[in-house]
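Engineer: Here it is, the structure in full.
The values are calculated or read from the model by the stated rules, or taken from the named source; none is laboratory data. Everything numeric here is computed off the predicted structure, so don't read it as measured data. Glycine also receives a Cβ, built like all others from the backbone with ideal geometry; neighbour counts cover every protein chain displayed. With ligands, DNA and RNA removed, areas are computed over all heavy atoms of the protein, side chains included. Shrake-Rupley method; radii C 1.70, N 1.55, O 1.52, S 1.80 Å.
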Amino acid sequence: MEQLLYYVWKHKIFPLKELRTTTGLPVEVIDTGLQNSNSGPDFFNAKLKIDGTLWVGNVEVHQSSSDWMRHGHNHDKTYDSVIMHIITHADCEVHRSTGESIPQLQLVCPDHIQANYEQLHRSEVKPYCYSILSGLPKLAVHSWMSALQSERFEQKTALIRQRLQRTNQHWEDTFFMTLARNYGFGLNGDAFETWANLVSFRAVDKHRDNLFQVEAIFFGQAGLLTEEEGDEYYLSLRKEYLYLKHKFSLNEMDASLWRFLRLRPGNFPHVRIAQLAYLYHSTCALLSKVVEAASMEQVKKLLLTQTSAYWEVHFIFSKPSPRRQKHLSEDSLNLILINTVVPFLYAYGLHKGDDKLCQRAGSYLELLKAENNHVIRLWQAAGIEVESAADSQAILQLQKEYCDKKDCLRCRFGYEYLKHK
């Protein structure tokens, strides 16, 4: 399998005997190069000594020599920079587009690595490498967890930049859109992002000092004011939205996107939208205030929203319920900090070239308690310590980008599993 050959080359799992090309020239591997996940040669900027001469260039990996021609590399100038062709089966010579011969190095994946790889892919127990996790050196675990945290930061920053493009680089709007998505707490995340993309923030800003009108726009664009019958508050909101819809040429989303199944009433979209309306009404320049906050506790106070009086006795329109102030719970507030505030501080810090904001994002994660869900519990049971939100975020990245994709060859835990005998 070609992927295993990449692994053998990348990690220098070579035979103890001296390496030689298929024509008998001695080879010393100084640097295997940087693996390329895009088009072009498989490894960039490798450094090799071939028959005593230092070569710097790219490396291509195939199962058989003849794959070079089958993939058309012998006519592609992109591959003229290849200084070594790594293969398992040598069945012919290979050449650059210029006709020059390319050295080939024959490597075979060791039996124990092949066997371990097959075990990983046959395993039905998750995580697949559970049997070795508790025995890993703490330094190795810490190193990989730190890399995963950084990877997750970068991934979330990329999503924020995509939203920035949709808002014409308006950071406050983008912050609110990200906040809205995370008010969906997983189940309704996509629906909340769809809604936030439709909300006309400049229209809302003209009526920001009036909570009733903010609610009218928010609920109207959420597609939740389409029914012609309801209680007095609902009908008043609907009337107000129809007026504002005409005034600002607004469009609502399809209400069928909202999901209610297995949701506790406190998580109903109506309640979350009411909380967001109150927050938008009560706090201008929210991102600026979050950035300026001197501590995480101050940030929590900024985000600790409530609702209008109507929603203290309702979970949905027209059906009264016992009075209850609907604040975010401590756990929900922590999730908002983890998934909205922290990545935004990091992304905004990168944008401003402010390392202190990036460092603050990391310190908040270290201070926040770890998330508690089935994925986190699974890895804890396998022997991985999860002490803070920084750890739980690393685990979620590991699960999503490596385990769920069975991409064990890129995972450092997978590397440890494959090499053990």
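Engineer: Using alpha-carbon pairs under 8 Å, 6+ residues apart, how would you state the relative contact order of the stretch 176-291 in percent?
Structural biologist: 28 percent
Engineer: Here is a further query. All other residues with a Cβ under 12 Å from the Cβ of Thr178 taken together, and with Lys, Arg as +1 and Asp, Glu as -1, what is their net charge?
Structural biologist: Taking every other residue near Thr178 into account, the sum is +2.
Engineer: Treat the chain as a sphere of radius equal to its Kirkwood radius over Cα pairs and apply Stokes-Einstein at 25 °C in a medium of 0.890 mPa s; give the translational diffusion coefficient in µm²/s, rounded to a whole number.
Structural biologist: 97 µm²/s
Engineer: While we're looking at this one, here's another question. Taking 7 Å along the Cα-to-C-beta vector as the label spot, tell me the Phe260-Ser150 distance in nanometres, rounded to one decimal.
Structural biologist: 4.8 nm
Engineer: Okay, next question. Can you give me the % of accessible surface on the stretch 62-214 that is carbon or sulfur? Probe 1.4 Å, all protein chains present, nothing else counted.
Structural biologist: 50 percent
Engineer: Report the relative contact order of the stretch 26-138, percent, no decimals, based on alpha-carbon pairs under 8 angstrom and at least 6 residues apart.
Structural biologist: Here the relative contact order equals 17 percent.
Engineer: Something else about it: Whole-Hz ³J(HN,Hα) for each residue in the stretch 174-182, computed from phi via Karplus 6.51 cos²θ - 1.76 cosθ + 1.60 with θ = phi - 60°, x for glycine and proline: what do you get?
Structural biologist: 5, 4, 5, 4, 5, 4, 4, 4, 6
Engineer: Please label the shape of the stretch 1-111 as rounded, prolate or oblate, based on the square roots a ≥ b ≥ c of the eigenvalues of the alpha-carbon gyration tensor (a/c under 1.5 means rounded; beyond that, a/b larger than b/c means prolate, else oblate).
Structural biologist: rounded
Engineer: Evaluated at 37 °C with a viscosity of 0.692 mPa s, what Stokes-Einstein diffusion coefficient in µm²/s does the stretch 133-184 have when Rh comes from the Kirkwood expression over alpha-carbon pairs?
Structural biologist: 251 µm²/s
Engineer: A further question follows. Taking the Cβ of Phe260 as the centre, find all other residues whose Cβ is under 15 Å away and add up their charges (Lys, Arg: +1; Asp, Glu: -1).
Structural biologist: +3
Engineer: Using a cut-off of under 18 Å, list every residue of the stretch 300-325 whose amide N is near the label point 7 Å from the Cα of Glu232 along the Cα-to-beta-carbon line.
Structural biologist: 308-314, 317-321, by backbone N distance to the label point.
Engineer: Sticking with this structure for a sec: Leaving out same-chain residues fewer than 8 places away, which lysines sit with a Cα under 19 Å from that of Lys247?
Structural biologist: The qualifying lysines are Lys206, Lys239.
Engineer: Please tell me the relative contact order of the chain in percent, rounded to the nearest whole number, where contacts are Cα pairs under 8 Å and at least six residues apart.
Structural biologist: That works out to 14 percent.
Engineer: Now for a different question. Given the peptides 154-167, 357-370, arrange them by the average over their residues of other C-beta atoms within 10 Å, most packed first.
Structural biologist: My ranking of the peptides, most packed first, is 357-370, 154-167.
Engineer: Along the Cα-to-C-beta direction of Trp55, a point sits 7 Å from the Cα; which residues of the stretch 2-29 have their amide N less than 12 Å from that point?
Structural biologist: Residues 20-29 fall inside that zone.
Engineer: Here's something else I'd like to know. Suppose all protein chains stay in the model; what accessible area per residue would a 1.4 Å probe give for the chain, in Å²?
Structural biologist: Each residue of the chain exposes 50 Å² on average to a 1.4 Å probe.
Engineer: Under a Cβ-Cβ cut-off of 12 Å, what is the net charge of the residues other than Leu224 that fall near it, where Lys and Arg count +1 and Asp and Glu count -1?
Structural biologist: With Lys, Arg at +1 and Asp, Glu at -1, the neighbours total -2.
Engineer: Taking the alpha-carbon centroid of each part, what is the distance from the stretch 1-60 to the stretch 281-356 in angstrom?
Structural biologist: Between the Cα centres of the stretch 1-60 and the stretch 281-356 lies a distance of 52 Å.
Engineer: Please find the FRET efficiency linking His95 to Arg70, where r is the Cβ-Cβ separation and R0 is fixed at 25 Å, and quote it to the nearest 0.05.
Structural biologist: Efficiency computed from Cβ-Cβ geometry: 0.95.
Engineer: Using the per-residue mean of other Cβ atoms lying within 10 Å as a proxy for protection, in what order, highest first, do the peptides 309-320, 218-229 fall?
Structural biologist: 218-229, 309-320
Engineer: Tell me, what is the FRET efficiency for His246 and Ala294 to the nearest 0.05, using R0 = 35 angstrom and their Cβ-Cβ distance as r?
Structural biologist: Here the calculated transfer efficiency is 0.20.
Engineer: Let me have the 222 nm mean residue ellipticity of the chain computed from DSSP H runs of 4+ only, each contributing -39500 (n - 2.57), with the sum over all residues rounded to the nearest 500.
Structural biologist: Helices in the chain give a 222 nm mean residue ellipticity of -14000 deg cm²/dmol.
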